[in-house]
Structure formats: C-alpha cells, structure tokens
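S.K.: So that we are looking at the same thing, I have put the structure below in structure tokens.
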Amino acid sequence: MKRILLLLFVSILAMGAKAQFYSIKTNLLGLATTNLNIEGAVSIHRNWSLHLPVTYNPFIFKENKRFQNITVQPGIRYWFVESFSHSFIGIHSLYSRYHVGGIIGKYRYDGWGVGGGLSYGYSKVLNKRWNIEFEAGVGVMWSDYTKYLCKKCGAPQEDARKLYVIPTKASISLVYLF
C-alpha cells in the first residue's frame, strides 16, 4: 500500500514537472507531539496542488507510554487565489499503522486504519520562499485493532473493526517554496 501511494505521488510529480512551484514543509504541532513529519507538494495548476505528508513516531516514553505511528495522507487542494497563497480547501486519504498506549486510560491499542477527509486552511506568505500555513480537517477512518488491558504486558482484550469520525488534520506548518 505504501509503495503504491509513493509510486502514484512520484508519477504525478513527474507529470507536473512544468509546474510553477514545489514546496516542502513540516507541521510544527506534530513536532511538538514528537511526531517527525515532512510534506512534499507540487502545484499542478494555478489553483490546484498535490500533497503527500508523511508522519512517523518511533518513540517509547517513560513507563511504556507510546504514540507510535507511521501515517501517510496524500491529497489534493483547491486554492481560492493561487497555489500556496491564501485560503484553500482540500480532500485527502489516510493510511496509518499505530501502536498507542499509556497516555490516557489503562488500555493499549495496536492496529491500522484507512480513511479520508476534508480540510480547510490558510497559507500566509512571509516572503518569496517562506510561508506559514494553518489547516484543520475532519474525516472518517476505518480501523482494525487489538485492544490490550495493561500498558506493558496484558493479554488481548478485544479485536475490533470500527468506523470513526475523527479530526484528520491539525497543523501549523512552516513551508519552504522552490
């Protein structure tokens, strides 16, 4: 699945080689929650851009607290003025593999999810090469996971497959334009 998404995005980047702008960015809110992240984007038309954010968190914290995940969210945006400036709306898909526990409650969850959502955002031009971007989104995620009782060693309590309505985007990002 990951290879297919990467191949699709690289193919689209190659088709958009004559595009005016490329960007790379990082979500500062994600970094604040120890999620390493990067997003590549390409303008494919004056008002349209393609995006591929990747988030990774390999860390296990004190007392086996963890929010481990690898998440990709390929998407497309429509910009109301022009690509990489002012307001936009977006649609995105989602794939995540996660292992979360010990943060809230007495359970640990190990599983994966797929879904998609809609977002709205604003990109403030700081100068020719730098922007600051704000984005929020909501969507649905179908998740398949195993729930464990204790944070460290508990036996499986439940295998579940559920559909959730969740926030899929929350970012304040620093953007570099090429």
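The values are calculated or read from the model by the stated rules, or taken from the named source; none is laboratory data. Only a predicted model underlies this, so the values are computations on that prediction, with no experimental measurement involved. With ideal geometry, Cβ positions are generated from the backbone for all residues, glycine too; neighbour counts draw on all protein chains shown. These area figures cover heavy atoms from the full protein model, side chains too; ligands, DNA and RNA do not enter into them. Shrake-Rupley method; radii C 1.70, N 1.55, O 1.52, S 1.80 Å.
S.K.: As an exercise: evaluate Asn131 against (1) within 21 Å of Phe67 (Cα to Cα); (2) open to solvent by less than 60 Å² (accessible area, probe 1.4 Å); (3) in contact with a Leu (Cβ under 8 Å, 6 or more places away or on another chain) and give the number of the one condition it does not meet.
M.R.: It is condition (1) that Asn131 fails.
S.K.: Arg161 passes all but one of (1) at pLDDT 95 or above; (2) open to solvent by 60 Å² or more (accessible area, probe 1.4 Å); (3) touching a Leu at 6+ places or on another chain (Cβ under 9 Å); (4) over 16 Å from Asn27 (Cβ atoms); which number fails?
M.R.: Just one mismatch for Arg161, condition (3).
Per-residue answers, yes or no, for (1) in contact with a Ser or Thr (Cβ under 9 Å, 6 or more places away or on another chain); (2) free of Cβ contacts under 8 Å to residues at least 40 places away in the same chain; (3) in a strand (DSSP E or B):
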residue: Gly116; (1), (2), (3): yes, no, yes
residue: Asn127; (1), (2), (3): no, yes, no
residue: Ile132; (1), (2), (3): yes, no, yes
residue: Met141; (1), (2), (3): yes, no, yes
residue: Glu158; (1), (2), (3): yes, yes, yes
residue: Val165; (1), (2), (3): no, yes, yes
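S.K.: Looking at the structure I just gave you, is Ser119 open to solvent by 40 Å² or more (accessible area, probe 1.4 Å), of a type in the set (Gly, Ala, Ser), under 13 Å from the mean Cα position of the chain (by Cα) and closer than 16 Å to Leu50 by Cα?
M.R.: Values: open to solvent by 40 Å² or more (accessible area, probe 1.4 Å): no; of a type in the set (Gly, Ala, Ser): yes; under 13 Å from the mean Cα position of the chain (by Cα): yes; closer than 16 Å to Leu50 by Cα: yes.
Judged against the criteria, Ser119 is not a match.
S.K.: Mind counting the residues in segment 86-110 that are over 20 Å from the mean Cα position of the chain (by Cα) and closer than 29 Å to Tyr176 by Cα?
M.R.: Adding up the residues that qualify gives 1.
S.K.: So which of Tyr95, Tyr109 is touching a strand residue (DSSP E or B) at 6+ places or on another chain (Cβ under 7 Å), closer than 28 Å to Ile132 by Cα and open to solvent by 20 Å² or more (accessible area, probe 1.4 Å)? Spell out how you get there, then give the answer.
M.R.: Details: Tyr109 fails: closer than 28 Å to Ile132 by Cα.
Unique residue meeting the criteria: Tyr95.
S.K.: Name the residues in segment 56-103 that are without any contact (Cβ under 8 Å) to a residue 60 or more places away in the chain and of a type in the set (Lys, Arg), would you?
M.R.: Scanning segment 56-103 gives Lys62, Arg66, Arg77, Arg97.
S.K.: I would also like to ask the following. For segment 70-86, check the following and say yes or no: at least one residue is open to solvent by less than 40 Å² (accessible area, probe 1.4 Å), among the aliphatic types (A, V, I, L, M) and closer than 17 Å to Glu39 by Cβ. It would help to see each step written out before you state the result.
M.R.: Taking segment 70-86 and keeping what is open to solvent by less than 40 Å² (accessible area, probe 1.4 Å), we get 71-75, 77, 79, 83-85.
The next check asks that each one be among the aliphatic types (A, V, I, L, M); those that pass are 72.
Still in the running and closer than 17 Å to Glu39 by Cβ: 72.
Among the residues of segment 70-86, at least one is open to solvent by less than 40 Å² (accessible area, probe 1.4 Å), among the aliphatic types (A, V, I, L, M) and closer than 17 Å to Glu39 by Cβ, which makes the answer yes.
S.K.: Could you tell me which numbered condition Pro156 fails, if it satisfies all but one of (1) touching a Gly at 6+ places or on another chain (Cβ under 7 Å); (2) more than 30 Å from Arg46 (Cβ to Cβ); (3) open to solvent by 80 Å² or more (accessible area, probe 1.4 Å)?
M.R.: Exception for Pro156: condition (1).
S.K.: Right, here's the next one. Going through segment 49-73 one residue at a time, which ones are more than 22 Å from Val138 (Cβ to Cβ) and not acidic (Asp, Glu)?
M.R.: Narrowing segment 49-73 to residues more than 22 Å from Val138 (Cβ to Cβ): 56, 58-66, 68.
Residues satisfying the conditions are Tyr56, Pro58, Phe59, Ile60, Phe61, Lys62, Asn64, Lys65, Arg66, Gln68.
S.K.: Being in contact with a Gly (Cβ under 7 Å, 6 or more places away or on another chain), buried (at least 16 other Cβ atoms within 10 Å of the Cβ) and at pLDDT below 95, is that true of even one residue in segment 45-66?
M.R.: Yes.
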